[in-house]
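The values are calculated or read from the model by the stated rules, or taken from the named source; none is laboratory data. Model, not experiment: these values are computed from the prediction. Here the Cβ positions follow ideal geometry from the backbone for every residue, glycine too, while neighbour counts run over all protein chains shown. Quick note on the areas: whole protein, heavy atoms, side chains included, nothing else; ligands and nucleic acids left out. Shrake-Rupley method; radii C 1.70, N 1.55, O 1.52, S 1.80 Å.
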Amino acid sequence: MSASRHPALLSTDPELASFVAAEEVLQAQTLRLIPSENYVSAAVLEASGTVLQNKYSEGYPGRRYYEGQQNIDRVEALAIERAKGLFGVDHANVQPYSGSPANLAVYLAFAKPGDTVMGMALPMGGHLTHGWGVSATGSWFRGVQYGVRADTGLIDYDAVRDLALAERPKLIFCGGTALPRTIDFAAFAEIAREAGSILVADVAHIAGLIAGGAHPSPVDHVDVVSTTTHKTLRGPRGAMLMCREEHARAIDKAVFPGLQGGPHNQTTAGIAVALHEAAQPSFTAYAHQVVANAKALAAALLQNGFDLVSGGTDNHLILIDLTGKDVPGKIAAKALDRAGIVVNYNTVPFDPRKPFDPSGVRIGTPSLTSRGLSTEHMPLVADWIARSVDAAAKGDEQALAAIRAEVTDLMAAFPAPGLPLS
Ligand SMILES: *Cc1c(COP(=O)(O)O)cnc(C)c1O
């Protein structure tokens, strides 16, 4: 498989080539349910592996510190125009290396070390970079955290407001990594206005749903939109910061020269292609199918007796709470992996267990939807998950191997974008 796909790599470095080939097989054969992952198209893959890689281009289109930018400027300008058109924003910066440095640039643009910043607590579904203690953002800034209600699993907007008015944070982050429900950006905007805070929507997980019209857009409500490009948006690993004109200079200065040096031009090219793909009607259909699949999968899991945080999902993500089962999250995740179903273990809100050995499993439908699975397959997926968790409880490796064979069989009928047929 890899011999024809990466001939130069195979002849120069057969050892490394064998790892890539093995990963191609793994991604083709498994049912990938990690909600932050996806399959990029062959076009995105090609754009991300071009000679644009060879070019240094510190600065921005038309304002570079290196010569020879004739083509690079066009690539970056195209990515910027497409981001502005797709999300309906005044300004887009497509240079952040990834989601975490993008968020760090937001701090640099609007806050000073020691300032109070507010975000959702990591164990409640927030991201490390929203001021959580072990992150630089939680040690260089004073992070205060909100969460979800114990009874509903939903963001407690009254508590968010009380905390914001008591703390008057410089920055408020909304968005997260394990939030199965729609974010009320208007409610956050009201709170930020009252507290005098800059509001940042970190839509890393749901950017593709927003682009496809399957989740409300934060653009009219927030000061800055931060997003990765590689999750539901289905682009290369990278990030973007988008804002109104009034914040454009602060954001650009923070990314370069504030935080980064030369942009990764090959990634910018991949982002431009992904944004073009995301502007097509087929992507709107994709985004809605991701949500329909997640809702169908949630319903089937509930039927199989699983508890879900917040009782279900509005988006691409489901958080299974195994507190009532005999199997905690990590053991379940590892058993599912042996069954060919790739997930990640995750804390659930108010988790009685430790973060490295928590009670939850986090799953999502972006990848399986990219391969063409639809709602009719979700009862089968839920059944595989239920049987795998049962097998984990009993230590039944044979059952896991049998599920793996079934998974491989189904996935062979749904070739992944960007990958050769397995
Ligand atoms: C994934 C994610 C990030 C970080 O992105 P990286 O590219 O992994 O640095 C930031 N914020 C949220 C909400 C995310 O889900």
> Is there any pair with a first residue in segment 168-189 that is within 24 Å of residue 231 (Cα to Cα) and a second that is surrounded by 24 or more Cβ atoms within 10 Å (Cβ to Cβ) and charged (D, E, K, R) whose Cβ atoms are under 8 Å apart and which are 6 or more apart or on different chains, and what are they?
Replying inline: 173/202; 174/202; 175/202; 176/202; 178/362
> Counting only residues that are open to solvent by less than 20 Å² (accessible area, probe 1.4 Å) and either modelled with pLDDT under 95 or of a type in the set (A, V, I, L, M, F, W, C) (or both), how many does segment 46-86 have?
Replying inline: 4
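Is it the case that residue 222 is under 30 Å from residue 69 (Cβ atoms), more than 13 Å from the ligand (Cβ to nearest atom) and either open to solvent by less than 30 Å² (accessible area, probe 1.4 Å) or at pLDDT 95 or above (or both)? Before you say what the answer is, go through the steps one by one.
Values: under 30 Å from residue 69 (Cβ atoms): no; more than 13 Å from the ligand (Cβ to nearest atom): yes; either open to solvent by less than 30 Å² (accessible area, probe 1.4 Å) or at pLDDT 95 or above (or both): yes.
So residue 222 does not fit the description; no.
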>> Looking at segment 87-103 only, could you name the residues that are open to solvent by 40 Å² or more (accessible area, probe 1.4 Å) and either within 16 Å of the ligand (Cβ to nearest atom) or under 30 Å from residue 139 (Cβ atoms) (or both)?
In response: 97, 100
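Results for (1) without any contact (Cβ under 8 Å) to a residue 24 or more places away in the chain; (2) more than 23 Å from residue 107 (Cβ to Cβ), shown as yes or no for each residue.
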| residue | (1), (2) |
| --- | --- |
| 231 | no, no |
| 237 | no, no |
| 243 | no, no |
| 246 | yes, no |
| 249 | yes, no |
| 265 | no, yes |
| 279 | no, yes |
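Condition check: surrounded by 20 or more Cβ atoms within 10 Å (Cβ to Cβ), of a type in the set (A, V, I, L, M, F, W, C), closer than 25 Å to residue 36 by Cα and within 16 Å of the ligand (Cβ to nearest atom). Does residue 239 satisfy that?
On the way: surrounded by 20 or more Cβ atoms within 10 Å (Cβ to Cβ): yes; of a type in the set (A, V, I, L, M, F, W, C): yes; closer than 25 Å to residue 36 by Cα: yes; within 16 Å of the ligand (Cβ to nearest atom): yes.
Taking the combined requirement at face value, the residue satisfies it.
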> Among (1) crowded, with 19+ Cβ neighbours inside 10 Å; (2) part of a helix (DSSP H, G or I); (3) β-branched (Val, Ile, Thr), which single condition is residue 408 missing?
Replying inline: (1)
>> Between 46, 76, which is out of contact with any strand residue (DSSP E or B) (no Cβ under 9 Å at 6 or more places or on another chain) and either part of a strand (DSSP E or B) or among the acidic types (Asp, Glu) (or both)?
In response: 46
> If a residue has to be outside any loop (DSSP other than H, G, I, E, B) and surrounded by fewer than 21 Cβ atoms within 10 Å (Cβ to Cβ) to count, how many in segment 296-307 make the cut?
Replying inline: 6
>> Among the residues that make up segment 128-138, is at least one of them more than 16 Å from the ligand (Cβ to nearest atom) and over 24 Å from residue 359 (Cβ atoms)?
In response: no
